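The values are calculated or read from the model by the stated rules, or taken from the named source; none is laboratory data. As the structure is a prediction and not an experimental result, all values here were calculated from the model. Note: ideal-geometry Cβ built from the backbone for every residue, glycine included; neighbour counts use all protein chains shown.
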Amino acid sequence: MSADLLEHTGRFCRRLRAEGLRLGPGDTLDAARALDAVDVLDREELRLSLRSTLVKRAEDLPVFDALFDSFWGGSVAAGRNPPVIPPGEEEEKESRAAASTRHRRERSMEGLEELRVPGPSSHEALGRQDFATFGEEELRAVTALARRIARRLSARPGRRWKQARRGEQVSLRRTLRDAMKTGGELATLSYRERKLRRTRLVILADVSGSMDLYARLLLQFLYALQNAFARVETFVFATRLSRVTDELRVPEYRTALAELSARVQDWSGGTRIGESLATFLADWPRLLDRRTVTVVLSDGWETGDPEVLGEALATIHRRSGRLVWLNPLLGSAGYEPLTRGMQAALPHLDVFAPANDLASLEQLARHLML
Amino acid sequence: MERQGYVTDRAVATAVFLATSLGKPLLVEGHPGVGKTEIAKVLATVQEGDLIRLQCYEGLDATTALYEWNYPKQLLHIRMEEQGSVAAREAAIFSEPFLLKRPLLQAITHRGRPPVLLIDEVDRADEEFEAFLLEVLSDFQVTIPEIGTVRAAARPAVVLTSNRARDLSDALRRRCLYLWIDYPSLEKELRIVRMRVPGIEERLARELTAFMHSLRRMKLVKVPGVAESLDWAQALVTLHATHLDESLVRETLGCFLKDEADLRTVTARLEAGELPALSAPLG
């Protein structure tokens, strides 16, 4: 394979990634291997080979087809199939929208979030926020979402079995082994049951000034999650870290907000992410283990030392089962995680995902499953 | 592939070719009845290998997918072999002759030409199983505590199909090559019908495919796929039909409509004379 073609393939993969296709280095490699195996002078064969290796879901096919035409130049040879757009896709959406109003709610919230993206505020404390501005309907939507996520996270029977005093099933394997001692006589029955998989969640949420717009939505989400799912610990930070698990665990959302505002002093101040995370590690050293998913909710505007942030995240990453960073800005077009804080954080993250609207929170469930 | 009675196009052929030459599993998605499963069957015939099929369903677990000990046989063996130490007898009954090989283990221990492993409707298995499947697919080896690690002599070709009942994990998608199969074009479906239902009259084949295409444009609960076209064509040939007319369509609706609401919708459209490609009923 010529170096030119290889390089061009690499660039094509980067463009696809920029368009939102999830491609890893392995996929680029596969594409290159595929082009080695086929006749690349045949445009159609080139197109189909790249498509088989680089497109992983039907939704991405139109994106690929559009980009292929513009990227690999010239018109496509005659006889090319029209871009495959799965039929039924549209109907599905329509019926879904008709079936519930959830869809519309999500849209309206997206609009809300697009209003403005505030920059970092170093130390201008904006005082306590009025969280009550969110409509009842949005609140319900967020709550429903949190419940759905909690249901998926709650103790699920795993794939593996363990011995049990009185299990759901007779363990034939164990029973037979025991029978050997009695010369093949089945004297005792052994039972087995599924091992439970328990995931724990630790949430570290940034409530500094630059996060203002999102804080309301996210707090509602955190509140709902805290109440639907028992094994979650929530912390908030701006310049200092506070544990708010107990404040959030009250039956009334508005009460929770009042307690929260009283407890947390530096709402909407500047951000010291690194120091806050270091405090978390120092004060709560036993909270993290392999079954814990740690979620950091922040835009990455660090006013402290990025090196401290990098070190703290490296430790968190090492200790927990998974480290997820949710960045509200990631959802806005054209955002690149270039801030010093974000740059220091990126190498230590397992998942870096947007969290600017309900749709992106919906995606969260998948990242939280260990 | 065409020789095996599978009418294909370049997209399918390229994907299958790449999957076999890169040695990666092929994930096939598409609507029900477009011939996803057929790909694996035809591939097995072309490669002259065996087809090993694992049908997925909710709650599928390792004992049905991978292996299980043959407990009754073990029990009988213990009864018959009364002498020997416990350890010796234990080693005897936990050995290969007492192992019930389920599809995944069958594919791994297969001797001779590499088989084709079809993992059908993987979207119906739960996520737990998907993770387990990833383990097996990544290196084609399995560890059975009593026996040891079993490695595949020759990597089987793997085809996974999904009806998109749920979204598959990115990890699984990443491991596979991807192929989306759409409903066929009118010409392609006509060729499929001609090839798979040899006795069919040309006029009937044309009318039938045109009718199916207009059906797929309607909003139906269960859109009929190619499989339904073939069933219907076969039924019509059995009835010695040479062309379609309204009463014939009405009598045989059940061949391609599998939902009561759809039956009503289509009957109403038939009565209104809104469905094309029907000849006037013969006197």
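What the table below lists for this structure:
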quantity: Selection status of B:L239, away from chain A (no Cβ under 14 Å) and surrounded by fewer than 19 Cβ atoms within 10 Å (Cβ to Cβ); calculated: yes
quantity: Residue in the stretch A:138-179 that is nearest to the other protein chains (Cβ to nearest Cβ), counting only those that are in contact with a strand residue (DSSP E or B) (Cβ under 9 Å, 6 or more places away or on another chain), modelled with pLDDT under 75 and surrounded by 18 or more Cβ atoms within 10 Å (Cβ to Cβ); calculated: A:W161
quantity: Meets criteria (in contact with a strand residue (DSSP E or B) (Cβ under 8 Å, 6 or more places away or on another chain), under 19 Å from A:R173 (Cα atoms), in contact (Cβ under 8 Å) with a residue 12 or more places away in the chain and within 10 Å of chain A (Cβ to nearest Cβ)) for B:F94; calculated: yes
quantity: Some residue of the stretch B:104-127 being out of contact with any Cys (no Cβ under 8 Å at 6 or more places or on another chain), within 30 Å of A:L153 (Cα to Cα) and either free of Cβ contacts under 8 Å to residues at least 60 places away in the same chain or not assigned by TED's automatic domain parsing to the domain that holds B:R175 (or both); calculated: yes
quantity: Qualifying residue in the stretch B:146-159 (condition: over 18 Å from B:A44 (Cα atoms), surrounded by fewer than 17 Cβ atoms within 10 Å (Cβ to Cβ), more than 22 Å from the chain's Cα centre (by Cα) and at pLDDT below 85); calculated: yes
quantity: Qualifying residues in the stretch A:14-41 (those that are assigned to a loop (DSSP other than H, G, I, E, B) and more than 10 Å from chain B (Cβ to nearest Cβ)) - the one farthest from A:K56 (Cα to Cα); calculated: A:L41
quantity: Number of positions in the stretch A:314-365 that are part of a helix (DSSP H, G or I), surrounded by 22 or more Cβ atoms within 10 Å (Cβ to Cβ) and of a type outside the set (A, V, I, L, M); calculated: 2
quantity: B:V249 free of Cβ contacts under 8 Å to residues at least 60 places away in the same chain, exposed (fewer than 14 other Cβ atoms within 10 Å of the Cβ), over 19 Å from B:M195 (Cβ atoms) and not acidic (D, E); calculated: no
quantity: Helices (runs of 4 or more DSSP H) contained in the stretch B:184-283 and holding at least 2 residues of a type in the set (V, I, T) and out of contact with any Asp or Glu (no Cβ under 7 Å at 6 or more places or on another chain); calculated: B:186-196, B:226-238, B:260-271
quantity: Where a residue in the stretch B:9-28 is without any contact (Cβ under 8 Å) to a residue 24 or more places away in the chain and buried (at least 18 other Cβ atoms within 10 Å of the Cβ) and its partner, wherever it lies, is part of a helix (DSSP H, G or I) and not small (G, A, S), with Cβ under 8 Å and at least six apart; calculated: B:T14/A:E45; B:T14/A:L48
quantity: Scan of the stretch A:292-313 for residues that are crowded, with 24+ Cβ neighbours inside 10 Å and in contact with a Pro (Cβ under 7 Å, 6 or more places away or on another chain), ordered by number; calculated: A:D299, A:G300
quantity: Count - residues of the stretch A:42-67 that are assigned to a helix (DSSP H, G or I) and facing chain B (nearest Cβ under 7 Å); calculated: 8
quantity: Condition broken by B:A165, with the remaining ones in (1) under 18 Å from the mean Cα position of the chain (by Cα); (2) surrounded by 17 or more Cβ atoms within 10 Å (Cβ to Cβ) satisfied; calculated: (2)
quantity: Which listed residue is among the acidic types (D, E) and without any contact (Cβ under 8 Å) to a residue 12 or more places away in the chain, from A:E302, A:E259, A:E252, A:E311; calculated: A:E252
quantity: Selected residue (only one of B:R191, B:R155, B:R173, B:R206 is assigned by TED's automatic domain parsing to the domain that holds B:D245 and out of contact with any helix residue (DSSP H, G or I) (no Cβ under 8 Å at 6 or more places or on another chain)); calculated: B:R191
quantity: Top-ranked residue in the stretch A:180-204 [being without any contact (Cβ under 8 Å) to a residue 60 or more places away in the chain, among the charged types (D, E, K, R) and not in a loop (DSSP other than H, G, I, E, B); ranked as nearest to the other protein chains (Cβ to nearest Cβ)]; calculated: A:K181
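Listed here are the residues, each with its yes/no results for (1) assigned to a helix (DSSP H, G or I); (2) acidic (D, E); (3) over 18 Å from A:Q343 (Cβ atoms); (4) within 23 Å of the chain's Cα centre (by Cα).
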residue: A:T255; (1), (2), (3), (4): yes, no, yes, no
residue: A:R290; (1), (2), (3), (4): no, no, yes, yes
residue: A:V293; (1), (2), (3), (4): no, no, yes, yes
residue: A:V296; (1), (2), (3), (4): no, no, no, yes
residue: A:G300; (1), (2), (3), (4): no, no, no, yes
